[in-house]
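Engineer: Before we start, here is the structure in question, set down as structure tokens.
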Amino acid sequence: MYYHTLSGAMLTWDEPMDAALQAFWETIVAAWRAKADYATVSRRVTSAENPLLAPTGGLITPPVWAHPVFQALMDLAYRLGIAQGALGTDGTEDLQDPFTDTWLPVSEAAIVKGVTVPGLHKAIQRGDVAARPQTPGQHRLEVSQRSLAHWTPDRMRQAARKQS
């Protein structure tokens with residue numbers, strides 16, 4: 001699963017969710033799509049009703065906070081808060097649908113960003129840019145256009161590579 005946060009970060013998780021978390025996730029996504037009340041959704045996400053919080057009695061511990069699904073759930077609540085005027089914004093938020101993206105072949109993405117293909121591969125390895133196989137089981141990658149837009153390459157590093 002790929003999810004774009006308000007800050008432009010891309011969250012990913014490969015492991016399948018257990019049935020309870022999957023059902024809760026689908027409920028919160030449906031609430032976001034239906035533009036449900038921010039306060040209600042926020043309370044649900046941060047309560048023991050959330051299967052990620054049930055083991056902690058509703059406490060948001062560092063491991064819970066670091067979980068990508070929890071971060072995505074919080075982000076959906078924040079999106080509702082911004083849309084409903086309950087939360088302020090500094091204007092830098094990525095308000096596009098968090099589930100949509102365009103995927104580019106690595107070679108095309110490197111041209112778009114003005115970097116070398118090896119430089120882009122290094123950014124992918126560092127986790128600076130999100131990528132996935134073009135076809136499952138293949139080694140050729142495609143790059144998330146949204147994560148590419150949020151990545152600022154180190155121009156000195158790129159210049160050094162081009163000179164060598």
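The values are calculated or read from the model by the stated rules, or taken from the named source; none is laboratory data. Just so it is clear, the structure is predicted and the values come from calculations on it, not from any experiment. Neighbour counts are summed over all protein chains in view; Cβ atoms, including those assigned to glycine, are modelled from backbone coordinates with ideal geometry.
Engineer: Return the pair list, or none, for Cβ contacts closer than 8 Å from residues in region 22-46 that are in the same structural domain as Pro62 (by TED's automatic domain parsing) to residues that are modelled with pLDDT under 95 and of a type in the set (A, V, I, L, M), at least 6 apart or on different chains.
Structural biologist: Trp25/Met17
Engineer: Being touching a Pro at 6+ places or on another chain (Cβ under 9 Å) and free of Cβ contacts under 8 Å to residues at least 40 places away in the same chain is true for just one of Arg126, Arg140. Which residue is that?
Structural biologist: Answer to the check: Arg140.
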